[in-house]
Amino acid sequence: MNLTEPLSFHSGKLPLLISIPHAGTQLTPVVEAGLTDAARPLSDTDWHIPRLYDFARNMGASLLIGNYSRLVVDLNRPEDDQPLYTTATTGLFPETLFDGRACFISGKTPSPQERQSYLSHIWRPYHQQLQSELDRLKAQFGYALLLDAHSIASVIPRLFEGQLPDLNFGTNSGVSCDLSLSDQLIECCQHQSTFSHILNGRFKGGHITRSYGLPQNQQHAVQLELSQLNYMSETEPYHYLPERAVHLQQLLEQLIHTMLSWGEQRYQR
C-alpha cells in the first residue's frame, strides 16, 4: 500500500513524551473519495495542537504526532474497537462525526481489507513508536511520563451537556498515573483563575492513556483534552489565534514543569 509517512517523531532529552494522535489531516485516496460534504472540513481534528505544544519541544520533550486524520483510523482507539465510553463516542474507524452526521457517502465506506491496511501501516507504527520511546526514556531515566494531548470544540451536545471545561484531565479514574501526580496537576490549575478544569469528567482518557499508563511499571500517563475556544476559532477555517493561545501556553508550560518536577522528586537516584 502506498502511504505517506504515518507519523512525525522528535526525540527529546527529558523523561516526557507528548503524544498527539488526532492532529493529522492526511487522507487516503479511498477515504477522501468517500467523505460526505459534512466530513470534508475534518471538523473533528485536534487542530493546531502541535503548534500549541511547540514550546515543549524547545524545552526538551519528545513529541509523537499522527499525520493521518482520525477519519482514516483513530489512533486513540483499541485495535479490537471495543467501546471506551458507555455514552456517545466514535470508534476505531469512525462512521459518524462528533455531532452525529455521517462521515461517508452511502456505499463508499472503505472496505474491511482497506481498513486492515490502515491498521498495519498507520495505527501499529504509531503505537510501536510510542512504546519504543517510553522504553528508551525508562532505560535512561528509570521512569517515563506520557502526556496525551488533545482538543475538542467547547460545545458538542451529542457528547456532553453545556460547555466543556477549559482543561479536562483524564487518568482512567486514577489508574493511569500515581495519584500524587494528578493531585499536583490539579493544584497547579487551582493557582490560577483564567481557565476552568476538571479531573476524570467526561473525558477519562482514551486507549493511549489506558494502555500506556502503567504506574507499577514506572509509566505515568495523563490525557489532557483542551477546549478549543481558548486558542483557535471553532468555526471553519479553524484559524489559530496566537493572542489567545499565548495565555493557555503559559499554563501548559507550568503543567509540564509540574510533571517534570514530580518525576524528579518521585524517582530521585
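The values are calculated or read from the model by the stated rules, or taken from the named source; none is laboratory data. All values derive from a computational prediction rather than experimental measurement. FYI the Cβ positions are ideal-geometry reconstructions off the backbone, even for glycines, and counts take in every protein chain you see. When the accessible area is computed, the model is the full protein with side chains, heavy atoms only, and any ligands, DNA or RNA have been set aside. Shrake-Rupley method; radii C 1.70, N 1.55, O 1.52, S 1.80 Å.
A few remarks follow.
- Top-ranked residue of segment 7-39 - restricted to ones that are among the β-branched types (Val, Ile, Thr) and assigned to a loop (DSSP other than H, G, I, E, B), ranked as farthest from the chain's Cα centre (by Cα): 36
- The set of residues in segment 46-65 that are in a loop (DSSP other than H, G, I, E, B) and surrounded by 18 or more Cβ atoms within 10 Å (Cβ to Cβ) comprises 46, 47, 48, 53, 61.
- If the condition is being open to solvent by 20 Å² or more (accessible area, probe 1.4 Å), assigned to a helix (DSSP H, G or I) and either in contact with a strand residue (DSSP E or B) (Cβ under 6 Å, 6 or more places away or on another chain) or of a type in the set (Gly, Ala, Ser) (or both), then segment 201-218 contributes 211, 212.
- Residue check for residue 128: surrounded by fewer than 17 Cβ atoms within 10 Å (Cβ to Cβ), in contact (Cβ under 8 Å) with a residue 12 or more places away in the chain and not in a loop (DSSP other than H, G, I, E, B): no
- Residue in segment 66-75 that is crowded, with 17+ Cβ neighbours inside 10 Å, in contact with a strand residue (DSSP E or B) (Cβ under 7 Å, 6 or more places away or on another chain) and in a helix (DSSP H, G or I) present: no
- One residue stands out among those in segment 179-200 that are in a loop (DSSP other than H, G, I, E, B) and either of a type in the set (Val, Ile, Thr) or in contact with a helix residue (DSSP H, G or I) (Cβ under 7 Å, 6 or more places away or on another chain) (or both): the one that is least open to solvent (accessible area, probe 1.4 Å), which is 195.
- Residue list for segment 150-171, restricted to those being part of a loop (DSSP other than H, G, I, E, B) and open to solvent by less than 40 Å² (accessible area, probe 1.4 Å): 153, 154, 156, 159, 160, 164, 165, 166, 171
- Test for residue 261: is it open to solvent by 20 Å² or more (accessible area, probe 1.4 Å) and under 21 Å from the mean Cα position of the chain (by Cα): no
- Residue within segment 221-233 that is closer than 17 Å to residue 187 by Cβ, open to solvent by less than 10 Å² (accessible area, probe 1.4 Å), in contact (Cβ under 8 Å) with a residue 60 or more places away in the chain and touching a strand residue (DSSP E or B) at 6+ places or on another chain (Cβ under 9 Å) present: yes
- Qualifying residue in segment 230-249 (condition: over 26 Å from residue 99 (Cα atoms), among the acidic types (Asp, Glu), assigned to a loop (DSSP other than H, G, I, E, B) and over 16 Å from the mean Cα position of the chain (by Cα)): no
- For segment 9-35, taking the residues that are open to solvent by less than 50 Å² (accessible area, probe 1.4 Å) and among the hydroxyl-bearing types (Ser, Thr, Tyr), the one that is nearest to residue 65 (Cα to Cα) is identified as 19.
- Restricting attention to segment 234-258, the residues being touching a Lys or Arg at 6+ places or on another chain (Cβ under 8 Å) and open to solvent by 90 Å² or more (accessible area, probe 1.4 Å) number 0.
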